[in-house]
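S.K.: This is the structure I have questions about; it appears just below.
The values are calculated or read from the model by the stated rules, or taken from the named source; none is laboratory data. As the structure is a prediction and not an experimental result, all values here were calculated from the model. Note that each Cβ is placed from the backbone with ideal geometry, even for glycine, and that neighbours are counted across all protein chains shown. Note: areas computed on protein heavy atoms with side chains; ligands, DNA, RNA excluded. Shrake-Rupley method; radii C 1.70, N 1.55, O 1.52, S 1.80 Å.
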Amino acid sequence: MPPPLAYATSSNPWFSWSYVTDNFSTIASALQQHTLLTVETVLLATAVAVPLAVLAYWVRPLAGPILGVSAVLYTIPSLALFALLTPVLGIGRTMVLAGLVLYALLMVIRNALTGLLAVPEDVREAARGVGYGRWRQLVRIELPLALPGIITGVRLATVSTVALVTIGVLNGNGGLGQLIMAGFQNGFYRAEIATNTLLCVALGLVLDLILASLGRLATPWARRAR
């Protein structure tokens, strides 16, 4: 849990500059933890989800089970998922990170697979006609054309993860969620709750805008097509 926060007790506004200035270092530390957990989660989830999407694309009978398992994982309540992971990973940051990665898989897998399936058949035939093997066709043709779908999945997973990081408050790894919970424990201190909630929303928007911009830079052909 974060250290006790200094705040005025004479009133209970929804926003207070004194709260922000008096506790700036604590807020910045929580924001840093929140951002780092989000970025690590999305990177790990993408590293796992894209190969799974490729496997489902190449072996179509596996598409249903892969999507089904990831969907089931996404529907497990966080408390139950943490209970399942604790005997294996213990109570700590690793357990929170693993749970967040499992939640993020579905969105990346589903959108990556959709992008791969949307590659025109005539493009695949042309690649095979010039001698491209399966791996070369995947790397040079299919993955680049599926990139907009992959980026969409990563953006959805990122925004979702920003919200889900707060569940790490259960073991002290909740980022801004620690301060939101502290606001409830500090006699429902509105400024603490509202400020850190708004920071969560702002973080999600900023990361989404960054990914959208990177997606536009990485797919210039999509802009030309539109």
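S.K.: What do you reckon, is Val206 open to solvent by 10 Å² or more (accessible area, probe 1.4 Å) and either farther than 17 Å from Ala118 by Cβ or modelled with pLDDT of 85 or more (or both)? Spell out the reasoning first.
M.R.: On the way: open to solvent by 10 Å² or more (accessible area, probe 1.4 Å): yes; either farther than 17 Å from Ala118 by Cβ or modelled with pLDDT of 85 or more (or both): yes.
In short, yes.
S.K.: Is it the case, given these coordinates, that Gly90 is closer than 17 Å to Gly172 by Cβ and more than 19 Å from the chain's Cα centre (by Cα)? Lay out the reasoning, then the answer.
M.R.: Numbers: closer than 17 Å to Gly172 by Cβ: yes; more than 19 Å from the chain's Cα centre (by Cα): yes.
Considered against the rule, which asks whether it is closer than 17 Å to Gly172 by Cβ and more than 19 Å from the chain's Cα centre (by Cα), Gly90 comes out as yes.
S.K.: Filter the range 21-56 for residues that are under 23 Å from Leu205 (Cα atoms) and either among the hydroxyl-bearing types (Ser, Thr, Tyr) or touching a His at 6+ places or on another chain (Cβ under 6 Å) (or both) and give the result.
M.R.: Result: Ser25, Thr26, Ser29, Thr35, Thr38, Thr41, Thr46.
S.K.: Can Gly177 be described as closer than 20 Å to Leu73 by Cβ, touching a residue at least 40 places away in the same chain (Cβ under 8 Å) and open to solvent by less than 30 Å² (accessible area, probe 1.4 Å)?
M.R.: Taking the combined requirement at face value, the residue does not satisfy it.
S.K.: Could you look through the range 93-143, keep only residues that are over 30 Å from Asn173 (Cα atoms) and among the β-branched types (Val, Ile, Thr), and pick out the one that is farthest from the chain's Cα centre (by Cα)?
M.R.: Quick first cut of the range 93-143, residues over 30 Å from Asn173 (Cα atoms) only: 113-143.
From the residues that got through so far, the ones that are among the β-branched types (Val, Ile, Thr) too are 114, 119, 123, 130, 139, 141.
Numbers: Thr114: 19, Val119: 25, Val123: 32, Val130: 38, Val139: 24, Ile141: 26 Å.
Selected residue: Val130.
S.K.: Name the residues in the range 116-125 that are of a type outside the set (A, V, I, L, M, F, W, C) and either in a helix (DSSP H, G or I) or open to solvent by less than 20 Å² (accessible area, probe 1.4 Å) (or both), would you?
M.R.: If we filter the range 116-125 for residues that are of a type outside the set (A, V, I, L, M, F, W, C), which is where we start, we get 120-122, 124-125.
Passing the criteria: Glu121, Asp122, Arg124, Glu125.
S.K.: Go through (1) touching a helix residue (DSSP H, G or I) at 6+ places or on another chain (Cβ under 7 Å); (2) surrounded by fewer than 16 Cβ atoms within 10 Å (Cβ to Cβ); (3) in contact (Cβ under 8 Å) with a residue 12 or more places away in the chain; (4) farther than 29 Å from Ile151 by Cβ and name the single condition Leu79 misses.
M.R.: It is condition (1) that Leu79 fails.
S.K.: For the range 191-203, give me each residue that is surrounded by 18 or more Cβ atoms within 10 Å (Cβ to Cβ) and farther than 15 Å from Ser160 by Cα. Full working, then the answer.
M.R.: Residues of the range 191-203 surrounded by 18 or more Cβ atoms within 10 Å (Cβ to Cβ): 191-193, 195-196, 199-200, 203.
Residues satisfying the conditions are Ala191, Glu192, Ile193, Thr195, Asn196.
S.K.: Please state which one of Thr166, Thr152 is part of a helix (DSSP H, G or I), closer than 13 Å to Thr46 by Cβ and not hydrophobic (A, V, I, L, M, F, W, C).
M.R.: Only one candidate passes the filter, namely Thr152.
S.K.: Further, regarding this structure: For the range 126-172: of the residues being open to solvent by less than 20 Å² (accessible area, probe 1.4 Å) and among the polar types (S, T, N, Q), which is modelled with the lowest pLDDT?
M.R.: Here the answer is Gln137.
S.K.: Continuing with this model, one more query. Which residues, counting only those in the range 90-125, are modelled with pLDDT of 90 or more, touching a Gly at 6+ places or on another chain (Cβ under 8 Å) and of a type in the set (Val, Ile, Thr)?
M.R.: Val108, Ile109, Thr114, listed by residue number.
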